[in-house]
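Since the structure comes first, as structure tokens, the remarks are kept for the end.
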Amino acid sequence: MAEHKIGDYVQGTKFGSFVHDFEGEIEKVYENSVLIHILSFDDEDRILVGELNNRAIVRKEDAKPVKAKAE
């Protein structure tokens with residue numbers, strides 16, 4: 001499993017009330033999960049994303065790398 005780092009752009013798999021997957025930037029890394037600032041999502045999930053203040057905590061296994069932070 002790739003090491004997650006703050007600033008990495010990842011795809012989060014749908015969970016809970018989410019209807020679709022979403023993408024965003026990792027803001028914080030915890031032991032088994034990451035806090036994602038949601039930047040790209042399906043319009044069907046707009047209300048939920050707003051209620052979550054554009055953030056979601058997901059398991060590390062459910063955060064798939066899209067692109068790594070430029071070093």
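The values are calculated or read from the model by the stated rules, or taken from the named source; none is laboratory data. Remember, it's a predicted structure, so these values are computed and weren't measured experimentally. Note that each Cβ is placed from the backbone with ideal geometry, even for glycine, and that neighbours are counted across all protein chains shown.
Observations, loosely collected:
- Of all residues in the stretch 2-19, one or more are touching a residue at least 40 places away in the same chain (Cβ under 8 Å) and among the acidic types (Asp, Glu).
- Condition met for Val10 (within 12 Å of the chain's Cα centre (by Cα), surrounded by 17 or more Cβ atoms within 10 Å (Cβ to Cβ) and part of a strand (DSSP E or B)): yes
- Restricting attention to the stretch 20-57 and to residues that are β-branched (Val, Ile, Thr) and surrounded by 11 or more Cβ atoms within 10 Å (Cβ to Cβ), the residue that is nearest to Lys67 (Cα to Cα) turns out to be Ile26.
- The set of residues in the stretch 58-71 that are surrounded by 16 or more Cβ atoms within 10 Å (Cβ to Cβ) and of a type in the set (Gly, Ala, Ser) contains only Ala63.
- Of the residues making up the stretch 40-58, those that are of a type in the set (A, V, I, L, M, F, W, C) and touching a Phe, Trp or Tyr at 6+ places or on another chain (Cβ under 8 Å) are Phe41, Leu48, Val49, Ala56, Ile57, Val58.
- Hits in the stretch 9-18 - residues which are at pLDDT below 95 and either touching a Pro at 6+ places or on another chain (Cβ under 8 Å) or among the hydrophobic types (A, V, I, L, M, F, W, C) (or both): Phe15, Phe18
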